[in-house]
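Visitor: Have a look at this one before I ask anything.
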Amino acid sequence: MSKRDYYEVLGVERSASAEEIKKAYRKIALENHPDRNPDNKEAEERFKEAAEAYDVLRDEEKRAHYDRFGHSDFGNNFGGFSNEDIFAQFGDIFENLFGFGGGSSRSANRPTVGDDLRYNLKISFRQAAKGDDVRLTIPRTAACPDCKGSGAAEGSKKETCPQCKGMGQVFVQQGPFRFASTCPKCQGTGTIITKPCPRCKGDGHIQEKRELTVHIPAGVYDGARLRLRGEGEAGRNGGPNGDLYVVIHIEADQVFDRDGQNLIYSTKIPFTKASLGAKIKVPTLDEEIEFEVPKGTQSGAIYQIKGKGLPYPGEKRTGDLLIEVIVETPTKLNAEQTELLQALDSLFEKQDQKLSSKIKKKIKDIIG
């Protein structure tokens, strides 16, 4: 019986892209996979027919040849697939669809990036404000220096697994079908180590404590994550290391509070100074400065000094210093203080009475 046209088998146009061809094949393979169609001879034939079509049309050179000459020029070179052949040749597709396949060896040996690490770093408020270089000791896995991460002892190398012949898969016969599973001897890698490295015991990795310095930028905020590329766990099969994330935790300061990049300094002054005005000493991150409290300052008033706050990380601008003034009311007075305050209170009452008389006279003048 003559073979069907490969484009017809996959249900695509002759102008179909490589991605469209792959997508069509995946759909047919999924619908007719032996796992889903036990003892179904027709599904098995469609499964093999689609695999044969895909093997030709996925390859640009084979596809061009097929478009020109059709089936006749291929002879018997591209027919007669077994399920084992299909799983082995198109393992990447079946891994994605079903979680296993002949590509498991390639997947197991593919370079993979190492895991990222997190380090919680507690620093003082002043370190966060001014920036600092902090020395860290990070426990992590690293490629074994003796075997360069291969796991094989010096003078030896990994060998092809004798059980799966390097495929990473073994096949189990169930009725007329063969099904793939991960090779138990090599765990799907397709290779075994006959002489393990004495230092890493064949793992290819060792535990180490790495000393490194992390730069804390001036003005860093609480909870900031600093990324150190390549300082995480070692990769596998020659893959790159993961990253290290240093998470900043800032201790509270005894002098300043913080609002973004602004510093807040709270100071208490007696009500007399708040009334009369006064010059007070105010700390900054660098030095102590003199600040003049205006006359008549009310409790809770906030005054701003430009550029005396925290720097913005990576920028040239700086936050401000906010001075919060708390006016204190005395709770205990001696006789002299009481007498003076009573005299002051009398003056205020007289002033209020004069003001009240003026207001009354003005109202009377207005209404006649």
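The values are calculated or read from the model by the stated rules, or taken from the named source; none is laboratory data. Being a predicted model, the structure only gives us computed values, none of them experimental. Reconstructed Cβ throughout: ideal geometry from the backbone, glycine too, with neighbour counts over all protein chains shown. The area values use the complete protein model at the heavy-atom level, side chains included, leaving out ligands, DNA and RNA. Shrake-Rupley method; radii C 1.70, N 1.55, O 1.52, S 1.80 Å.
Visitor: Could you tell me the relative contact order of segment 161-261? Use alpha-carbon pairs under 8 Å, at least six residues apart, and round to a whole percent.
Guide: Details: 110 pairs, mean separation 16.2, N = 101.
It rounds to 16 percent for segment 161-261.
Visitor: Once you have the alpha carbon radius of gyration of segment 287-344, what is it after dividing by 2.2 N^0.38 Å, with N set to its residue count?
Guide: For segment 287-344, the normalised Cα radius of gyration comes out at 1.78.
Visitor: Once ligands and nucleic acids are excluded and a 1.4 Å probe is used, how much of C164 is accessible, expressed in Å² to the nearest 10?
Guide: In the full protein context, C164 sits at about 10 Å².
Visitor: Scan around V293 for amide H atoms under 5 Å from its own, H built in the peptide plane at 1.01 Å from N, and keep only partners 5 or more places away or cross-chain.
Guide: Result for V293 returns A278, K279, I280.
Visitor: Now a separate question. Please give, to one decimal in nm, the separation of the simple spin-label points placed at N120 and K209, each 7 Å out from Cα toward the Cβ.
Guide: 2.0
Visitor: Within the accessible area of segment 204-257, what % is carbon and sulfur when the probe is 1.4 Å and the other protein chains stay in place?
Guide: On the way: 1250 of 2920 Å².
On segment 204-257, the fraction of accessible area on carbon and sulfur atoms equals 43 percent.
Visitor: Report, by chain and number, residues whose modeled amide H sits under 5 Å from the one on H205, excluding near sequence neighbours (fewer than 5 apart, same chain).
Guide: When sequence neighbours closer than 5 places are left aside, the close amide H contacts are C144.
Visitor: Rounded, prolate or oblate: pick one for segment 128-200, where a ≥ b ≥ c are the square roots of the eigenvalues of its C-alpha gyration tensor, a/c under 1.5 means rounded, and failing that, prolate if a/b is larger than b/c, else oblate. The partial results should precede the final answer.
Guide: Numbers: a/c = 5.90, a/b = 2.10, b/c = 2.81.
It comes out oblate by the Cα gyration axes.
Visitor: With the crude spin-label approximation of a point 7 Å out along Cα→Cβ, what separation in nm comes out for N37 versus S17?
Guide: With each label point 7 Å from Cα toward Cβ, the separation is 2.8 nm.
Visitor: 5 Å is the cut-off here: which amide hydrogens, built 1.01 Å from N in the peptide plane, fall below it relative to I264, excluding neighbours closer than 5 in sequence?
Guide: D257, R258, D259, L322
Visitor: Tell me the accessible surface of S17 in square angstrom (1.4 angstrom probe, heavy atoms of protein chains only), to the nearest ten.
Guide: Its heavy atoms expose roughly 50 Å² to the probe.
Visitor: Can you grab the distance from the C-alpha centre of segment 217-233 to the C-alpha centre of segment 25-41, Å, no decimals?
Guide: Each part reduced to its Cα centre gives a spacing of 50 Å.
Visitor: So what is the relative contact order of segment 301-347, in percent, for Cα pairs below 8 Å that sit 6 or more residues apart? Spell out each step's value before the answer.
Guide: Numbers: 42 pairs, mean separation 14.4, N = 47.
Relative contact order for segment 301-347 comes out at 31 percent.
Visitor: If you don't mind, there's one more thing I want to ask. Would you kindly work out the equivalent ellipsoid of segment 174-307 from its C-alpha gyration tensor and give its semi-axes, the square roots of five times the eigenvalues, largest first in whole Å? List each step's numbers first, then the result.
Guide: Working: eigenvalues 888, 65, 22 Å².
Here the semi-axes work out to 67, 18, 10 Å.
Visitor: Ordering Y6, Y245, Y119, Y221 by how much accessible area each has at a 1.4 Å probe, largest first, what is the list? Display every interim value, and only then the final one.
Guide: Details: Y6 10, Y245 40, Y119 70, Y221 135 Å².
Correct descending sequence by accessible area is Y221, Y119, Y245, Y6.
Visitor: While we're here: Would you mind getting the accessible area per residue of segment 1-57, heavy atoms of the protein chains only, 1.4 Å probe, in Å²? Don't skip to the answer; put the middle values down first.
Guide: Details: 3290 Å² over 57 residues.
Using a 1.4 Å probe on heavy atoms only, each residue of segment 1-57 averages 58 Å².
Visitor: Let me ask another. Which of the trypsin sites (Lys or Arg not before Pro) found in segment 268-322 are loop residues per DSSP with 11 or fewer other Cβ atoms within 10 Å of their Cβ? Intermediate results must be reported in sequence, preceding the final value.
Guide: Working: sites: K268, K273, K279, K281, K295, K306, K308, K316, R317; in loops: K295, K306, K308, K316, R317.
Here the trypsin sites (Lys or Arg not before Pro) that fit, given the DSSP loop and packing criteria, are K295, K306, K316, R317.
Visitor: Ok, one more. Quick check for you: with a 1.4 Å probe and neighbouring chains kept, what is the accessible area per residue of segment 251-322, in Å²? Before the final figure, lay out each step's value.
Guide: Numbers: 4540 Å² over 72 residues.
Spelled out: the 1.4 Å probe surface of segment 251-322, per residue, equals 63 Å².
Visitor: If you plug each phi of segment 23-28 into the Karplus form 6.51 cos²θ - 1.76 cosθ + 1.60 with θ = phi - 60°, what whole-Hz ³J(HN,Hα) values come out, in order, with x for Gly and Pro?
Guide: 3J(HN,Hα) across segment 23-28, in whole Hz: 4, 5, 5, 4, 5, 5.
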